[in-house]
1. Amide H neighbours of Y93 under 5 Å, at least 5 residues apart or on other chains, H built in the peptide plane: list them.
2. Do the sum for the chain: with -39,500 (n - 2.57) for every DSSP H run of n ≥ 4, divided by all residues, what is the mean residue ellipticity at 222 nm, to the nearest 500 deg cm²/dmol?
3. Note down the magnitude of the dipole of the range 56-174 about its Cα centre, charges +1 on Lys and Arg C-beta and -1 on Asp and Glu C-beta and zero elsewhere, to the nearest 20 debye.
4. So what's the net charge close to R139: Lys and Arg +1, Asp and Glu -1, counting the other residues with Cβ under 12 Å from its Cβ?
5. Just to be sure I understand: with springs between alpha-carbon atoms less than 10 Å apart, which residue in E207, E227, E115 has the highest mean-square fluctuation in the Gaussian network model of the chain?
6. Given an 8 Å cut-off on Cα distances and at least 6 residues of separation, report the relative contact order of the range 62-199 as a percent.
7. Which whole-Hz couplings ³J(HN,Hα) result when phi for each residue of the range 113-127 is put into the Karplus expression 6.51 cos²θ - 1.76 cosθ + 1.60, θ = phi - 60°, listed in order with x for Gly and Pro?
8. What do you get for the angle between helix 225-234 and the principal long axis of the chain? Use alpha-carbon atoms, 0 to 90 degrees, nearest ten.
Amino acid sequence: MTKHFVLYGDERLEFTRAIRRSESTGVMIQVNPDCTIVVNAPETASQQEVELAVVKRASWISKQLHKFKHQNAFVLPRTYVSGESHFYLGRRYILKVNTDKGTTQNVKLLRGKIEVNVKTSSPDKIKALLQDWYKDRAREIFNNRLEALLQKTPWVSEKPHIRIMRMATQWGSCSPHGQLTLNPHLVKASRECIDYVLLHELCHLAEHNHSDRFYRLMDQTMPKWQEIKTFLDNNANKYINS
């Protein structure tokens, strides 16, 4: 992927061009919560066509960038000390750090708090323990939700394998061979949001691009998916950076 830019007034809109491998000949523009812009275009599209598409959507792109920048301004850096709030399944929990040199280091969800038992109060160690805990919880919950959704997706003949991998700008992806890759940060969102991302990837098993058929499948199995997507997009930084 190559970096490019267009000017919108006095604003420089930098974007990365990616190849859109689908039957569609249109250009799809994505503004991510980290304020990166990705322009998915067919390989046959000229650079001039791509830049024209960006210019036509410049007003929308600028509004999305300003929205995410505003949200980012209220995301405080984590220090991993008692009293901080962290998300799990859409709820906010208070972090409690228990330090004891003789303790077994682990993370537990107890009485409305996420408790981290650690030998020394090292922020890096607490962060690592939390990340491992989120990853373990994500693996269990994603697989449970996948089992439930398979009842609604008859086009999926066998349960796909789930890989857990932290990603900066994606909640999930689906390989051509049917493997689902999911972001463990997603476990911080509600089950409804998790179901939306899983369903999105399951629909890609039937339709590998964002075609009319893809969106019909989404509409049939989750009629309010667009509302859930909007909520998840608007809260992405809160979950990814917490």
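1. H86, F87, Y88
2. That comes out to -12000 deg cm²/dmol.
3. Dipole of the range 56-174, to the nearest 20 debye: 480 debye.
4. Taking every other residue near R139 into account, the sum is +1.
5. Comparing E207, E227, E115 in the GNM, the peak value goes to E227.
6. 20
7. After applying 6.51 cos²θ - 1.76 cosθ + 1.60, I find 10, 9, 9, 10, 9, 9, 6, 9, 7, 7, x, 5, 5, 4, 4 Hz.
8. Relative to the chain, helix 225-234 is tipped by roughly 70 degrees.
The values are calculated or read from the model by the stated rules, or taken from the named source; none is laboratory data. From a predicted model like this one, the values you see are computed outputs, not experimental measurements. Counting neighbours? That spans all protein chains shown, and the Cβs are built from the backbone with ideal geometry, glycine included. Protein only, heavy atoms only, side chains kept; ligands, DNA and RNA dropped before computing areas. Shrake-Rupley method; radii C 1.70, N 1.55, O 1.52, S 1.80 Å.
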